[in-house]
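A.B. asks: I have a structure I would like to understand better, so I am pasting it below and will then ask my questions one at a time.
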Amino acid sequence: MEQPIKILIVEDNVIIADDMQSMLEEIGYEIVDNVIVYEQAVEVLKTQQVDLVLIDIILASDKTGIDLGKHIRENYDIPFIFVTSNSDRATVENAKTVKPNGYLVKPFEQQDLYTSIEIALSNFIYGKQNASNSAAPQDNTEDVPLSNSILKDSIFVKKQHLYYRIQFGDIQFIKADNVYLEVNTIDKKFLVRSPLKDYLEKLPQNKFYRAHKSYIVNVDHIDAINSKDIMINNTLIPISKDFKEFIISAMNS
């Protein structure tokens, strides 16, 4: 089942914080928590799953948002965006030392917030993709950074204007259709623009296999098999000779 991106808000002005939460929830993001000081944010990060953090630079504590940004950089592999009223050169230079994934100046509109989050997530995961596979071709379209990239035990796919987190175990099979891939879960389909070969490299190697030139399958979801096809969720999927031999060998081992 798809899960919306989980966001932690760290903002000491409760009116602004509540307004941000309303904007984000209206778009479709999930707010993990809404806190006002460094210490609370550290505790949430320790105990909750967080995909992105929005941080006010000036907080109601001795430690600032920049201190929190440093803590995140040293302990977590997630992006964060500074949200602040201060856009002076000194503040910006100080903020840059912890390499934020975005910088949003108040006041802002819902679209500004949405755009900042999309770009921050996209650049963050695109950077991870480049770091892990610098030899991979980078000529795909704008959907690639999130739609074709991994975070922990899941993968992001785009549906309408949101990127959803899909658990690997929920993916049943993936079908190539021209320049698009159709990612099938139990009850939903998502379109991703990516080569099938590249997508396979992003999935767990012990579960997902190239069953046919046009299909990747999750072997945990195979319901039946014959000499030419497998069945997953009442869908017949053609299989190659190599995959057939692999499955038969696995069944007999």
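The values are calculated or read from the model by the stated rules, or taken from the named source; none is laboratory data. Given the structure is predicted, the values throughout are model-derived calculations rather than measurements. All Cβ positions, even for glycine, are placed from backbone atoms using ideal geometry, and neighbour counts span all protein chains on display. Heavy atoms of the whole protein, side chains included, go into the accessibility calculation; ligands, DNA and RNA do not. Shrake-Rupley method; radii C 1.70, N 1.55, O 1.52, S 1.80 Å.
A.B. asks: Only residues that are of a type in the set (Asp, Glu), open to solvent by 80 Å² or more (accessible area, probe 1.4 Å) and closer than 12 Å to Ile78 by Cβ: list them for the range 38-67, please. Outline the logic, then answer.
C.D. replies: Filtering the range 38-67 down to residues of a type in the set (Asp, Glu) leaves 39, 43, 51, 56, 62, 67.
Narrowing further to those that are open to solvent by 80 Å² or more (accessible area, probe 1.4 Å): 39, 43, 62.
Listed by number, the list is empty, since nothing qualifies.
A.B. asks: Right, next: Out of the range 174-189, which residues are open to solvent by 70 Å² or more (accessible area, probe 1.4 Å) and either assigned to a strand (DSSP E or B) or farther than 17 Å from Ile232 by Cα (or both)?
C.D. replies: Listed by number, the residues that qualify are Lys175, Asp177, Asn178, Val179, Tyr180, Lys189.
A.B. asks: Just one of the numbered conditions (1) surrounded by 15 or more Cβ atoms within 10 Å (Cβ to Cβ); (2) at pLDDT below 80; (3) over 17 Å from Asp77 (Cα atoms) is not true of Val192; which one?
C.D. replies: (2)
A.B. asks: For the range 90-113, what are the residues that are outside any helix (DSSP H, G or I) and among the small types (Gly, Ala, Ser)?
C.D. replies: Of the residues in the range 90-113, the ones outside any helix (DSSP H, G or I) are 97-109.
Gly102, the sole residue that qualifies.
A.B. asks: Counting just the residues of the range 71-123 that are out of contact with any Ser or Thr (no Cβ under 8 Å at 6 or more places or on another chain) and among the basic types (Lys, Arg), which one comes out modelled with the highest pLDDT?
C.D. replies: Of everything passing the filter in the range 71-123, Arg73 is modelled with the highest pLDDT.
A.B. asks: Filter the range 197-253 down to the residues that are in a helix (DSSP H, G or I), open to solvent by 80 Å² or more (accessible area, probe 1.4 Å) and over 19 Å from Ile186 (Cα atoms) and list them by number.
C.D. replies: Step one: list which residues in the range 197-253 are in a helix (DSSP H, G or I), which gives 197-201, 219-221, 241-252.
Applying the additional criterion that residues be open to solvent by 80 Å² or more (accessible area, probe 1.4 Å) yields 197, 201, 220, 241-242, 245, 251-252.
Selection gives Lys197, Glu201, Lys241, Asp242, Glu245, Met251, Asn252.
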